[in-house]
1. Report whether or not PRO233 is closer than 28 Å to ILE156 by Cβ and either in the same structural domain as LEU192 (by TED's automatic domain parsing) or at pLDDT 90 or above (or both).
2. What are the residues in segment 194-214 that are surrounded by fewer than 23 Cβ atoms within 10 Å (Cβ to Cβ) and either closer than 10 Å to GLY267 by Cα or among the polar types (S, T, N, Q) (or both), if any?
3. Taking segment 246-276 as the search range and keeping residues that are exposed (fewer than 11 other Cβ atoms within 10 Å of the Cβ) and assigned to a helix (DSSP H, G or I), which one is modelled with the lowest pLDDT?
4. Which pairs have Cβ atoms under 8 Å, sit 6 or more apart or on different chains, and link a residue in segment 211-226 that is free of Cβ contacts under 8 Å to residues at least 24 places away in the same chain to one that is outside any loop (DSSP other than H, G, I, E, B) and crowded, with 17+ Cβ neighbours inside 10 Å?
5. Residue pairs, Cβ under 6 Å, 6 or more apart or interchain, first in segment 241-258 and within 14 Å of SER207 (Cα to Cα), second modelled with pLDDT of 65 or more and not in a helix (DSSP H, G or I). List them.
6. If ALA157 satisfies all but one of (1) part of a helix (DSSP H, G or I); (2) without any contact (Cβ under 8 Å) to a residue 40 or more places away in the chain; (3) closer than 27 Å to GLU31 by Cα, what's the number of the condition it fails?
7. Give the number of residues within segment 165-187 that are surrounded by fewer than 20 Cβ atoms within 10 Å (Cβ to Cβ) and either aromatic (Phe, Trp, Tyr) or over 15 Å from ASN229 (Cβ atoms) (or both).
8. I'd like to verify a number: residues in segment 111-143 that are of a type in the set (Gly, Ala, Ser) and in contact with a helix residue (DSSP H, G or I) (Cβ under 6 Å, 6 or more places away or on another chain), how many?
Amino acid sequence: MRVIETSAGENLAAFSRFLWQHRVAHRIFEERGQQIVELADPALAPEVREAFSAWQAGRLDLQSTMSGAARLPSGRSRVGQMLRSCPGVVAVLLVSLAIFPFALGLSEGRPGLLILALTIVDLRTHQSVELSTLFSDLEIWRWLTPIFVHFSVTHIAFNSVVVFDLGRRVESVQGTLQVLAVVVVVGVLSNLGQVVMNTHPVFGGLSGVAYGLLGYLLVMGKRFPEDPNWQLPPGLAIGLLVFLVVFSTGITEPFGLHVANAAHWTGLAAGAAVAAVTKSKSQGVADAHG
């Protein structure tokens, strides 16, 4: 996240050392005649901006320990602040974590009653699924709930990290209702997209939502390039897109890892579409459904 833009002639070496001393991961680069300070953790943006202003005004001695308003939070308080700043994303992840132990039997063919109520169709009565089945059954909650079903520790850990990192960026700017709206819309559309492309009813996970958030942030970054809140680290976006393309080749299937690629692509497109119809960077989703 970009937090500071200043003239290319200003020497930021001391300020950079100061940030590293306080374990604030960052990078400094030049762009269009300006120096940009970019943080790995957006939650630290207010404190870093305040410290930079204090340093420029001569109120902060970088050689001494910070005090008062210029003090950056400790590691524990940073985590607490980060969690408090994105309750919507945390709630989504907590639901997934609560359901995870009950989903472990699904891959072994012995799902419990809770998981049978969350899969895209009831596996006791359906061995395949089509859109006509979903529309005739009218068990509408199932259109969303597969996003909470994960099949391994690696599966839920990777999805949780990505959703948290991307989701908190949306929630910090547009609020809890907006990020939850994005999760619901993208979750439903990515699940339906998977059904269209593959009739196997056993799939799940937050990865479609993760790619939806990626699509959302990429489009918002293009729409509002002047707002640093929407600028993703290039390595993060490129890495996720590379994974998407590589997994779509089916390279993992010989190893028994079947990836819901259709959900990923649909999620990416859905997130981008939601961002495209969002009225402004500070308002919720436009009335796209009527």
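The values are calculated or read from the model by the stated rules, or taken from the named source; none is laboratory data. Everything numeric in this text was worked out from a predicted model, so none of it was measured. Reconstructed Cβ throughout: ideal geometry from the backbone, glycine too, with neighbour counts over all protein chains shown.
1. So PRO233 fits the description; yes.
2. Of everything in segment 194-214, those that are surrounded by fewer than 23 Cβ atoms within 10 Å (Cβ to Cβ) and either closer than 10 Å to GLY267 by Cα or among the polar types (S, T, N, Q) (or both) turn out to be ASN198, THR199.
3. Restricting to residues being exposed (fewer than 11 other Cβ atoms within 10 Å of the Cβ) and assigned to a helix (DSSP H, G or I), the top hit is PHE255.
4. Within 8 Å, the pairs are GLY221/TRP230.
5. Every condition considered, the pairs that remain are PHE247/VAL259.
6. So the condition that ALA157 fails would be (3).
7. 5
8. Number of matching residues: 1.
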